[in-house]
Amino acid sequence: MKIILANSYNELSRKAADIIEELVSSNGNAVLGLATGSTPVGTYRELIKRYLEHSLDFSGVTTFNLDEYIGLRASNHDSYNYFMNYNLFDHININKDNTHVPDGMTNDPRTYGRLYDRMIENAGGIDLQILGIGSNGHVAFNEPAEELNLGTDLVKLSKKTIEDNSRFFESKENVPTEAISMGIGSIMKARRILLLASGEGKAEAIGQVLNSGKVTTWLPASLLLLHPDVTLICDQEAFSLVDRRIMAGAIV
Ligand code: GLP
């Protein structure tokens, strides 16, 4: 895992956007894996700015999002479908037909998930997957557990995630308890992964991933250590519990 340290959230967002811009400019038909949550919002804002300022061209780009809450329609303001339109797709020249966010209204997540994974494969696979990290070390909605899904499938949200994400909802009771999420296998197939972590709320998870030298399904983000091309962009707060003696060589 390569590590890029940023001095602020804005710097983190700019550095993430630099990597996305580099890919999209060199491959107009790039396939991006996209994430929701507050962490990538600054990156998306930066991409919109670059589209407006120097016509960064998304017309040939295809996107696949990681996850969606079960029971929320795309038109629901709390859905990740809505989030993506609001925070990115509505403001750039992407062809909406080429953007994909899992359908939270599916009544057969297993079959739907297989179809979603096939769609990713048919698009040529993900060139660059953007990821956030949960405070409990989850990636997408793959929660710490004895076993993790390989492919896109139904997941039950942990108490911690429901608590963390309740800030986006009217109350904790309104947070859906299930989601459809790309599995760890779907994520690990991406050719390159960009993991973003900001703020002290992520320090424990990032510290655990980088310090222990072990991988475990109880810390889903640790499985990313097995991927050959992961770049972590991290601000100082999220990096504060990492043992710098161990990780010094990884910082670029
Ligand atoms: C949600 C998403 C994850 C995201 C995580 C962290 O649970 N499913 O993909 O990484 O939140 O979100 P935030 O960036 O808001 O801390």
Quick one: if the Förster radius is 41 Å, what FRET efficiency do LEU225 and ASP57 give, using the C-beta to C-beta distance and rounding to 0.05?
0.75
Could you list LEU196, LEU226, LEU72 so that the one with the fewest beta carbons within 10 Å of its beta carbon is first and the one with the most is last?
LEU226, LEU72, LEU196
What's the whole-number percent of alpha carbon pairs in the stretch 57-148 lying beyond 16 angstrom?
62
If the cut-off is 19 Å between C-alpha atoms, which aspartates and glutamates fall inside it for LYS160, apart from same-chain ones fewer than 8 positions away?
ASP67, GLU68, ASP78, GLU143, GLU146, GLU147, GLU170, GLU173, GLU178, GLU200, GLU204
Would you kindly calculate the translational diffusion coefficient of the stretch 27-99, applying Stokes-Einstein with the Kirkwood radius from alpha carbon pairs, for 25 °C and a viscosity of 0.890 mPa s, and quote it in µm² s⁻¹ without decimals?
193
At a Förster distance of 45 Å, what's the computed FRET efficiency of ASN95 paired with LYS159, Cβ-Cβ distance as r, to 0.05?
0.70
Name the GluC sites (Glu not before Pro) in the stretch 83-160 that are in a loop by DSSP and that have at most 12 other C-beta atoms within 10 Å, would you?
GLU146, GLU147
Using a 10 Å cut-off around each Cβ, can you sort GLU204, GLU46 from fewest to most neighbouring Cβ atoms?
GLU204, GLU46
The stretch 153-252 - Rg over Rh from alpha carbon coordinates, Kirkwood radius
1.00
Only helices at least 15 Å long along their axis, Cα-based, and averaging -1.0 or more on Kyte-Doolittle count here, so list those DSSP H runs from the chain.
9-26, 41-54
Any idea what the alpha-carbon Rg over 2.2 N^0.38 Å comes to for the chain?
0.94
For the cross-link pairs LYS96/LYS156; LYS15/LYS189; LYS156/LYS214; LYS2/LYS189; LYS159/LYS214, which exceed 27 Å when the distance is taken from alpha carbon to alpha carbon?
LYS96/LYS156
Residues whose built amide H sits under 5 Å from the amide H of LEU232, excluding neighbours closer than 5 in sequence, are LYS2, ILE3, ILE4, LEU195
Formal net charge of residues neighbouring GLU121 (Cβ-Cβ distance under 11 Å; K, R +1; D, E -1)
+2
Of GLY33, TYR44, ILE70, which is farthest towards the positive pole of the stretch 1-103's charge dipole, taken about the Cα centre with +1 and -1 on the beta-carbons of Lys, Arg and Asp, Glu respectively?
TYR44
From the square roots a ≥ b ≥ c of the eigenvalues of the alpha-carbon gyration tensor of the stretch 196-252, which class results: rounded (a/c under 1.5), prolate (a/b over b/c), or oblate?
rounded
Taking the Cα centre of the chain as the origin, how large is its charge dipole in debye, to the nearest 20, when only Lys and Arg (+1) and Asp and Glu (-1) carry charge on their Cβ atoms?
400
Taking every DSSP beta bridge that has both residues in the stretch 97-252, what percent is antiparallel when rounded to the nearest 5?
40
About the Cα centre, charge dipole magnitude for the stretch 100-173 (Lys/Arg +1, Asp/Glu -1 at Cβ), debye
100
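Laboratory data are not the source of any read-out in this text; all were calculated from the coordinates shown. Please read these numbers as outputs of a predicted model, since none were measured by experiment. Positions of Cβ are backbone-derived with ideal geometry, glycine not excepted, and every protein chain shown enters the neighbour counts.
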